[in-house]
Structure formats: structure tokens, C-alpha cells
Amino acid sequence: MKTTTKRGLIILGALAALGVASALVLNAFQDNLVFFFSPSQVTTHEAPVNRSFRLGGLVEEGSVKRSSDSLAVHFVVTDGAQTIPVVYNGLLPDMFREGKGVVAQGKLDKDGVFRADQVLAKHDENYTPKEVADTLKTTAYKEPAAPMAGARQ
């Protein structure tokens, strides 16, 4: 075999291996990619169907319902304009409260209920996802005032 033919086959093999490796990396990246959506975006069908995504907003006052015989929790997430019912089966973070920020990761079922696999509570008073903050500014929704220091809850 001529050296130019060998060199061509080696280059062709290297390009094929690079293509396969790139395809595998991109496929793994696509499977782990999770987007964030507000309740308004979910109701306008911007959120993916049958794919995991993050839903962020505020836990609506009076919406938290805990099951007496399991760890199931039902609550509503709002951005002030729209609401999405959420079902989560597990332990909630300590900072999870009505009227406070929350980010839930999971899938939307065919009935419009968000089935969360993970729930993250807002960890800082200044943090609110940009999409939710923008929607809250355009609505009349006001976050409840925090209790005074030293007050019992």
C-alpha cells in the first residue's frame, strides 16, 4: 500500500472517530440539559412535552396540601399572572414556604399538573429568576412581607 493511501486512511479513520466521539458527547449533553420556564410560559405551551424542565415562581398562599399518609405534597406555583399545580413526593427543603420562591424540576403531565422530581427553595431574599421577576413586575402580585425578627411563626 502506498504511503499516501495509508495517510488518507489514517486521516479518514481519525475523522470518523472524532465524529463518533462528538455525537456521543452532544447526545449526553442533550439528555442532561434542563431549561427553566415560568408558569406563564408553561401555559402558553413554550415548555417541552415529555421532557424534564424547571418551573420557577412563588408558592401561592394557601395552596400547600400535605398528604397525611405519605410524603406527597400538592402546591401551586405562580408568577402573578398564571398558576401551575405541582405534585411532589419527598421531603421539602427547610426554606420552603407559602409566598416564597421555589424552583421545581420535573415533567408536565397531560392533565397540566407538574410532577416534580426535585424541589429547591429560594435561598436568598434577592434571588428570583429573571423570567419570574419580569412577570411579577408586570402584574399586581406582591410577595408577602417577611415576619419581623424574633417573631414566632
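The listed residues 114, 29, 36 rank as 29, 36, 114 when sorted by accessible area, largest first, using a 1.4 Å probe.
For residue 27 and residue 72, what is the calculated FRET efficiency with R₀ set at 35 Å and r taken between the beta-carbons, to the nearest 0.05?
Numbers: r = 34 Å, r/R0 = 0.97.
The formula returns an efficiency of 0.55 here.
Considering only protein heavy atoms and a 1.4 Å probe, what is the carbon-and-sulfur percentage of the accessible area of region 1-98?
Working: 3920 of 6420 Å².
Accessible surface attributable to carbon and sulfur in region 1-98 totals 61 percent.
Approximating the spin labels as points 7 Å out from Cα along Cα→Cβ, the residue 118-to-residue 18 distance works out to 3.4 nm.
The values are calculated or read from the model by the stated rules, or taken from the named source; none is laboratory data. Keep in mind that this is a model prediction, so the values were computed, not measured. With ideal geometry, Cβ positions are generated from the backbone for all residues, glycine too; neighbour counts draw on all protein chains shown. The accessibility values were calculated without ligands, DNA or RNA, using every heavy atom of the protein model including side chains. Shrake-Rupley method; radii C 1.70, N 1.55, O 1.52, S 1.80 Å.
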